[in-house]
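Note sheet for the following structure.
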Amino acid sequence: MGLRWFHYVLWGGLIAGMFLLPQVVSNGTMRTMIFANYLAIFAISWDVLSGRTGYVSFGHPFLIGIGAYTTAILTKRFDVPVEISIPIAVVCTMIAGLLVLLPALRIRGSYFALVTLAFMELLYQLVQVIRPDLTGGTRGMSGIQTLTRGASNGYYLSTALMLSVAVSMWLLMKTRLGTALAAIGMNEESVRGSGLSSTRLKAFAFLTSAFIAGLGGAFYVHYLGSLAPRALFDINFLFTIIVAALLGGTSTIVGPMIGAFFMTFLLEYLRPVLPGAERYFVYGAIALLLYMYQPKGLVELVRTGVLRLRKGGVA
Amino acid sequence: MSFLEIDNLSAFYGKAQALTDISITVQPGEIVAVVGPNGAGKSTLLDSIMGLVKTEGDIRLRGHSLVGRSSSEIVRSGVGYAPERFNLFPYMSVRDNLMVGAFTAREDIQSNLDIVHKLFPRLKEREGQETSTQSGGERQMVSFGRALMTSPELLLIDEPTIGLAPKICLEIAEVIRQLNSEYGLTVVITEQNANFALSLASRIYVLESGRMQTSGTEAELRNDKRLLDAYFGGH
């Protein structure tokens, strides 16, 4: 699996650091970090599907939305306890993930991206017109049960969730199965020629991605306590997820995490200067510059920086 | 019974027909070459054996039909495929490229890896290197290695010398001979380099525009001036 002692030390250090952080940062910063944690979960989920297998999804909020709406409706309208509603939401999202898989069996590239975008738009329209008494229609839902109170508890929960997802995916990607998933993104025909079932591998990637998206979506809605379709199915939300993964570095686990934190804090610090949608212009420009300079993302910049330091230290 | 029998094979990409009525037999332990110019259908022939394209006709391995079986079943039945070196996973390490091939032969991973490292010591030295940064010859070794990780009895090799220096071609020919004589593999190679094919194979099939033009032993084809002029550049 190629696991080395320093991998455990780095993950251990990151986990310890993140759990000690509430001792030294303000509640405001913690709230920003909660959003960064959820964005990291969504970016990891997107990367499992799109970064690894090369099937670029423009409809990830479709999966997140299924998870969020399912648990919100079950808890708010039918008084189902969250311990039951969240697993149901995750299962429903995985079933939705299989729906997204269907077009991927025949098409890829820009056509696949457009089909996934249509999935997102379809759900956006459906939740507004079909049974608005359940979904809340265009206004969405509020008063949804929250799982935690206070910034620090919300932070601990989101951090535990994000790190659990990240470490699990990191371990999974270190296996031969993870290697095969990445191989699909590079040359699907060769994967088949090596005797692997690309359909099964894609199904696994789509289900895993949907599992994470559903889990993240469900916990996110129970953190917010409300659900607004316009915000959830907003094109800016979609691009924030994609850019976080690309900016941080696709086909890695740490990359989408770094990208998510960078994006969230960048947008937050730009808020006083550029309160409107102009902020997205700035992050777009940064993403463009970084992508031109280092297509492998921030994680590669960090990696080469560490290598240079080590070489300098040796010299 | 032949080891591999292909009867009246036609292959299609959508509505376009790429192969027409191809028949080939390969005996156990034999090296057979399929030669022809670009677009002759050589790669399509190997893809057809691997179940990667839509076909008509029959393909039998040890008497059992491969038609309608998935690529993974075909690999599990003992067919290894070394595609052109351009068909590697470029941003993966040498080791990870080999491991993709190891999926179907999980119980033999270490012994197969030992064989690959014995044949290609350079791959062991550079197992952490991305294949996109390797030379053409090294990538060809990775392609061979990945196919060998599937524990094949029949090895299909697609254009092993394309774009490689003559010295590397000789090394590759030596490895193919070694795989055949030492490890008992039956080998089918496709080639544009007719001299390479003649030096290696016991029998040669000549393809052009998706149709079989002729076939024969190395000796027969070397003496056929018309064929040499048409396909082998008058050697």
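Points to keep in mind about this one:
- Test: residue in region B:207-214 that is modelled with pLDDT under 90, within 18 Å of the chain's Cα centre (by Cα), assigned to a loop (DSSP other than H, G, I, E, B) and under 29 Å from residue B:55 (Cα atoms): no
- Taken over region A:119-157, the residue count meeting the criterion of being part of a helix (DSSP H, G or I) and of a type in the set (Val, Ile, Thr) is 4.
- Residue that is nearest to residue B:48 (Cα to Cα) [pool: residues in region B:83-97 that are at the interface with chain A (Cβ under 8 Å from one of its Cβ atoms) and among the hydrophobic types (A, V, I, L, M, F, W, C)]: B:88
- Selection of region A:192-215 for residues being in a helix (DSSP H, G or I) and facing chain B (nearest Cβ under 7 Å) yields A:192, A:193.
- Selected residue (criterion: farthest from residue B:3 (Cα to Cα)) from residues of region B:104-124 that are in contact (Cβ under 8 Å) with a residue 24 or more places away in the chain and not β-branched (Val, Ile, Thr): B:123
- Residue count for region B:109-130, restricted to those that are at the interface with another protein chain (Cβ under 10 Å from one of its Cβ atoms) and crowded, with 17+ Cβ neighbours inside 10 Å: 1.
- Taking region B:98-108 as the range and being at the interface with chain A (Cβ under 8 Å from one of its Cβ atoms) and not hydroxyl-bearing (Ser, Thr, Tyr) as the test, the residues that pass are B:99, B:100, B:101, B:102, B:103.
- Only residues that are over 25 Å from residue A:54 (Cβ atoms) and within 13 Å of chain A (Cβ to nearest Cβ) were counted across region B:49-72, and they come to 3.
Residues checked against (1) at pLDDT 95 or above; (2) under 26 Å from residue B:76 (Cα atoms); (3) touching a strand residue (DSSP E or B) at 6+ places or on another chain (Cβ under 7 Å); (4) in the same structural domain as residue B:25 (by TED's automatic domain parsing):
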position	(1), (2), (3), (4)
B:119	no, yes, no, no
B:127	no, yes, yes, no
B:134	no, no, no, no
B:137	no, no, no, no
B:148	no, yes, yes, no
B:159	no, yes, yes, yes
B:202	no, no, yes, yes
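- The number of residues in region A:163-191 that are outside any helix (DSSP H, G or I) and within 9 Å of another protein chain (Cβ to nearest Cβ) comes to 1.
- Scanning region B:27-48 for residues that are touching a residue at least 60 places away in the same chain (Cβ under 8 Å) and within 10 Å of chain A (Cβ to nearest Cβ) gives a single hit, B:46.
Let's see how each residue does on (1) surrounded by fewer than 24 Cβ atoms within 10 Å (Cβ to Cβ); (2) more than 11 Å from the chain's Cα centre (by Cα); (3) basic (Lys, Arg):
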| site | (1), (2), (3) |
| --- | --- |
| A:10 | yes, yes, no |
| A:14 | yes, yes, no |
| A:25 | yes, yes, no |
| A:48 | no, no, no |
| A:67 | no, yes, no |
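- Within region B:179-194, the residues that satisfy the criterion of being within 16 Å of residue B:161 (Cβ to Cβ) and not in a strand (DSSP E or B) are B:179, B:192, B:193, B:194.
- Number of the condition not met by residue B:17 [criteria: (1) surrounded by fewer than 17 Cβ atoms within 10 Å (Cβ to Cβ); (2) not in a strand (DSSP E or B)]: (2)
- Residue check for residue A:160: touching a residue at least 24 places away in the same chain (Cβ under 8 Å) and part of a helix (DSSP H, G or I): no
The values are calculated or read from the model by the stated rules, or taken from the named source; none is laboratory data. For clarity, every value in this text was computed on a predicted model and none was experimentally measured. Here the Cβ is made from the backbone with ideal geometry for all residues, glycine too, and neighbour counts use every protein chain on show.
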